[in-house]
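No lab work stands behind these numbers, since they all come straight from the coordinates. Just so you know, these numbers come straight off a predicted model, no measurement behind them. FYI the Cβ positions are ideal-geometry reconstructions off the backbone, even for glycines, and counts take in every protein chain you see.
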Amino acid sequence: MKKRSLLSISLCVLLGNSLLFAQNDNRKLGKVIADENTVVVDKGYIDNLSKGWNLIGVEHKIPDMSIFSNTNIIWIYKNSNWQAYSPNTTTNSLITSNGYTNPNSIDPASGIWVNIDKDLPKIDSFSINSNEFNSTSNTGLISFTSLISFLGPATPTFYNNGSEVELTDGNYLSGKITLPSGSNNIEICAEDSDNNIKVCKTENILVEGSLNINSYEKIELDYSSLGLTTYNNFVISADKLNGDVYFYNVNTGENIKKFTTGYKVSGLVYLNNFIYVSSTYNDKVSKYDMEGTFVEDIYSFNFPDGMGTYNNLLYVVQNDEDSELAIINPDTKVKVGTIETGVADIVGVVSKNDYLYILGEDGDIYKINPMTGESIKFFNNSQFTGEGNYGLEGITIVDNYIWVTYVNDGSLYKINIPIE
């Protein structure tokens, strides 16, 4: 009986008082939803709330309740009824046994009361200051600073894409960590294992390769090619003057002429046993079979330059100075959309692992999310400068290595740094 009485007291504190508190401030809750004080609520935001009661507005949907793992209890008013949730199983049982339901998710434009009953570690800031790239080891030495106003019994830990990273130098407030090249999701977390608390802040960084000449393998050609594509272990290129199409075997080094288009080739794509050719000579994207027999013209528009493929669609540079790519369905021969990349003067496009890798006229390679158009610089090829509007022009990927074509010396270059 005594235990039951204690539970009733706890229920009064957790449910009765908090419900009364929320009901008395229902107008205030509506105001928060309506004004511009709403925020994107994630776990980092919740973990940095003050101890006590917090009223917050939710701008975007919260798909699950795991972001509230460090809270005491939350309340939400939905469909004329109060709902509550607690990560504490005992408290949550009290909630449901007294007729209140747990929300499975929280809709946009909702207001919620969040109660924090303990002092959580507070990570005020975490920022990346510099990145020193080492092309030999394909890593970057990342310099960072952080500000932690309250650590309590927690221990700071760093993570890279979910894997723990040891400090290379310094401490958790100012130091260095070593990371592999590519896009990295860096977290600093304050962890209190005794109380099952983990509070994190995240910083996204691209460990950008500033490549030196030792990063490349050079293959000399007898011609200059603007476009590149890949078929099995072949790099397909084309003479920019007469449109002769060659298959270079990356294993044997043999370069075989397969067919000719008879006109300037600007971009090449291999897709589903066909080769697609874009040309600024006739402003067309055309389809050929693997033996070089012309099949049909796919699309016509101004200055179709570099070209690549993603998800069985063609991504084509629309004109010489534009940062947009036209998206063409080669089966229906219809333009189905465009993507803004933010990369000025695109000359080449290739895809790998749900990303586009775009080569700019400046020689830099950018990694693009084709769903959002978000771009980050991936490799810096500053030593390959263009002359007379030419420089690095074509790009493709074979076995996780990027290949580019340099028009000025008529060569292929393999970048000897694998991509993931």
(request) Give, as a single signed number, the net charge of other residues whose beta carbon lies under 10 Å from the beta carbon of Ala109, with Lys and Arg counted +1 and Asp and Glu -1. (result) -1
(request) For every other residue with a beta carbon closer than 14 angstrom to the beta carbon of Ser86, add +1 if it is Lys or Arg and -1 if Asp or Glu, then tell me the sum. (result) 0
(request) Starting from the Cα gyration tensor of region 214-415, take the square roots of the eigenvalues, sort them a ≥ b ≥ c, and report rounded, prolate or oblate (rounded when a/c is under 1.5, otherwise prolate if a/b is larger than b/c, else oblate). (result) rounded
(message) Can you give me the distance in nm between label points at Lys377 and Glu217, each placed 7 Å from the Cα along the Cα-to-Cβ direction?
(response) 2.7
(message) Along the Cα→Cβ direction, 7 angstrom out, place labels at Glu132 and Ser66. What is the inter-label distance in nm?
(response) 3.7
(request) Provide the gained length on full extension for the span Ala109 to Asp289, in nm with one decimal, where the gain is 0.36 nm per separating residue minus the Cα-Cα distance. (result) 59.4 nm
(request) Could you pull out every one of the lysines with an alpha carbon less than 20 Å from that of Lys264, ignoring same-chain neighbours closer than 8 positions? (result) Lys240, Lys284, Lys287
(message) Could you give each residue of region 157-170 its phi-based ³J(HN,Hα) in whole Hz, using Karplus coefficients 6.51, -1.76, 1.60 with θ = phi - 60°, and x for Gly or Pro?
(response) 9, 10, 10, 10, 6, x, 9, 5, 10, 7, 5, 7, 7, x
(request) Please work out the FRET efficiency for the pair Asp409 and Asn233, using the Cβ-Cβ distance as r and a Förster radius of 25 Å; give the result to the nearest 0.05. (result) 0.55
(request) Give, in nm to one decimal, the length gained when the segment between Leu147 and Thr252 is fully stretched (0.36 nm per residue of separation minus the Cα-Cα distance). (result) 32.3 nm
(request) With a ≥ b ≥ c taken as the square roots of the eigenvalues of the C-alpha gyration tensor of region 36-157, please select rounded if a/c is under 1.5 and otherwise prolate if a/b is larger than b/c or oblate if it is not? (result) prolate
(message) Is the C-alpha gyration tensor of region 54-122 telling us rounded, prolate or oblate? Criteria: a/c under 1.5 is rounded; beyond that, a/b larger than b/c is prolate, otherwise oblate.
(response) oblate
(message) Spelling out what I want: for every residue of region 258-265, take phi, set θ = phi - 60°, compute 6.51 cos²θ - 1.76 cosθ + 1.60 (Karplus), and round to whole Hz; glycine and proline get x.
(response) 9, 6, 10, 8, x, 8, 4, 9
